[in-house]
Each structure stands twice: as C-alpha cells, then as structure tokens.
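Undergrad: Sharing a structure below in structure tokens format, with a few things to ask.
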Amino acid sequence: MLKGASGAPSPEGSTMAREECKALLDALNKTTACYHHLVLTVGGSADTQDLREELQKTRQKARELAMATGARLTVALRDRGLATEERAEFERLWVAFSGCLDLLEADMQRSLALGAAFPLHAPLRPLVRTGVAGGSSAVAARALSARSLRHEAEGDFDVADLPELEREVLQVSEMIDDMEMKVNVPRWTVQARQAAGAELLSGASAGASSAGGISVEERAGPCDPTKALAATVFSAVLLVAVALALCVAKLS
C-alpha cells in the first residue's frame, strides 16, 4: 500500500488496494459459484470423470484466489492509519469474502461426502438419476478463464482425489479460523451501503427499455389511486362484456 511523506497510507494507495481487493473478490465469487454448480451434479446422471477433474481444478483456483484476497484484506484492515470511510469499505469486502469462504467450505464438504458415496468405477450403489444430462466443461472453463479443460487423470482419479480434498477442506477451515484471529470484524457491525437485492433491481432497470422504464422508487411506492380506479372500472366492464356474451350464446 502506497504511503505519503508522513508514513500514513496515501488516498491513491488505499484506492488501488481497494480496487484490487474488489477484483479478486469478484473472481473468487464467480469461481465459488461455479464450484457450487458443479458440486450439485456429483452423483447424478451427468457425473463423469471429467466432472471430478473439473471440480478439482475449480476448487484449487478458488483456494488460490481466497488466499490472495485474504492476504490483501488482512494487510489493509490491520493498518491503523486507514481512514474511517476506507476501513468501512474494506470491512464490507471482508464480510463478503467471509461469506464466499463459508460457501466454499460447505461445498467442498458436500463434494467430499458425495464423492465417497458415489465412486465412479466401483460404485457401492447406483448413481442418483436426477434427469440432468450434458457436460459441464463450459461452466468450469469460464471460471478458470480457459477455452477448454484437458482431462489427463488416471482411471481411479476420483478415489485418489478424496484424501487431497479432505486435506483441502481442513486447510480452508484453518484459513477461516486464522482470518478471524488476525482481523476482528464482527459481521453484525458492518452496515450495507444499499438495501438487500438492490443490485438485482438496478440490473433489471438498466436492461429495460427507456420507453417502459420505471424507477425502483416508483415500483416500491404505494399504488396510484387513479390507476387503481381505472383498473377496477376496466375489470367491471370486462366482466359485464363476458356475461353479455354468454347470454347471447345461450339465446342463439
């Protein structure tokens, strides 16, 4: 982090560190979501050795991003000269990072349990037939920034990978404990900058056409009495028209 003449962190250095953490966190979030998607297919009809290899590569990429993100956030939050507003922003990033790690750890444990229950080449029981079919290479390739994945593992790759996966689960758990020891940021003390789901609403409004665009405040506000009355009158007229049509049909 860049520092000024007095030894305190400069605004430019703090901004660069924050943007770097945001970029790393965004990549970690996407990779974790990809891993979550892949884990859901373990034991299903789309489960193959290719999937198990993709799971390994994706979780390794997620762990690399997690270690890099955690190291940069730890350095920033342990800096006593950090401005209050900057510290609040780094704490929000820290909470989002902690959530990604929790999800990654849970999915790794789920992958370990499912991989042990459903070995590919010597199944103890039939695979679960979920009805899902097709490959998942494209999803993992997007998370790993590669066009395609090469599968060169041995035939018993899924069984041999289980001990390594178990060690990595313990490493992620230790990483979470180590983070909490180095930086004490209670999640309930961090305030969000926007309401829950605001990014989804903003994304939807950004994609809407200018002719039919409606602001979030207008959607969230109370209903216009004039519009409600017009809708009621229209519904009544529609019901009368339907009743008249039925009467004419019976008479004819």
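Undergrad: Tell me the residue from Ala71, Ala88 that is closer than 30 Å to Pro163 by Cα and surrounded by fewer than 19 Cβ atoms within 10 Å (Cβ to Cβ), please. Let's see the steps before the verdict.
TA: Details: Ala88 fails: closer than 30 Å to Pro163 by Cα.
Every option except Ala71 fails the conditions.
Undergrad: Filter the range 163-186 for residues that are open to solvent by 50 Å² or more (accessible area, probe 1.4 Å) and within 24 Å of Leu93 (Cα to Cα) and give the result.
TA: Pass one, the range 163-186, residues open to solvent by 50 Å² or more (accessible area, probe 1.4 Å): 163-164, 166-167, 170-171, 174, 177-178, 180-182, 184.
If the condition is that a residue be open to solvent by 50 Å² or more (accessible area, probe 1.4 Å) and within 24 Å of Leu93 (Cα to Cα), then Leu170, Gln171, Glu174, Asp177, Asp178, Glu180, Met181, Lys182, Asn184 are the ones that fit.
Undergrad: Further, regarding this structure: Filter the range 107-124 down to residues that are over 13 Å from Ala160 (Cβ atoms) and modelled with pLDDT under 85 and give me whichever is surrounded by the fewest Cβ atoms within 10 Å (Cβ to Cβ). Spell out how you get there, then give the answer.
TA: Filtering the range 107-124 for residues over 13 Å from Ala160 (Cβ atoms) gives 107-114, 117-118, 123-124.
Now narrow it down to the ones that are modelled with pLDDT under 85: 123-124.
Working: Pro123: 11, Leu124: 8.
Only one residue tops the list, namely Leu124.
Undergrad: Out of the residues in the range 1-51 that are among the basic types (Lys, Arg) and modelled with pLDDT of 90 or more, state the one that is farthest from the chain's Cα centre (by Cα). Even if it seems obvious, please write down each step before you answer.
TA: Quick first cut of the range 1-51, residues among the basic types (Lys, Arg) only: 3, 18, 22, 30.
Next, from what is left, pick out any that are modelled with pLDDT of 90 or more: 22, 30.
Details: Lys22: 14, Lys30: 6 Å.
Of everything passing the filter in the range 1-51, Lys22 is farthest from the chain's Cα centre (by Cα).
The values are calculated or read from the model by the stated rules, or taken from the named source; none is laboratory data. Only a predicted model underlies this, so the values are computations on that prediction, with no experimental measurement involved. Every residue, glycine as well, gets a Cβ built from its backbone with ideal geometry; the counts of neighbours run over all protein chains shown. We work out accessible area using only protein heavy atoms, side chains counted, and drop any ligands, DNA or RNA first. Shrake-Rupley method; radii C 1.70, N 1.55, O 1.52, S 1.80 Å.
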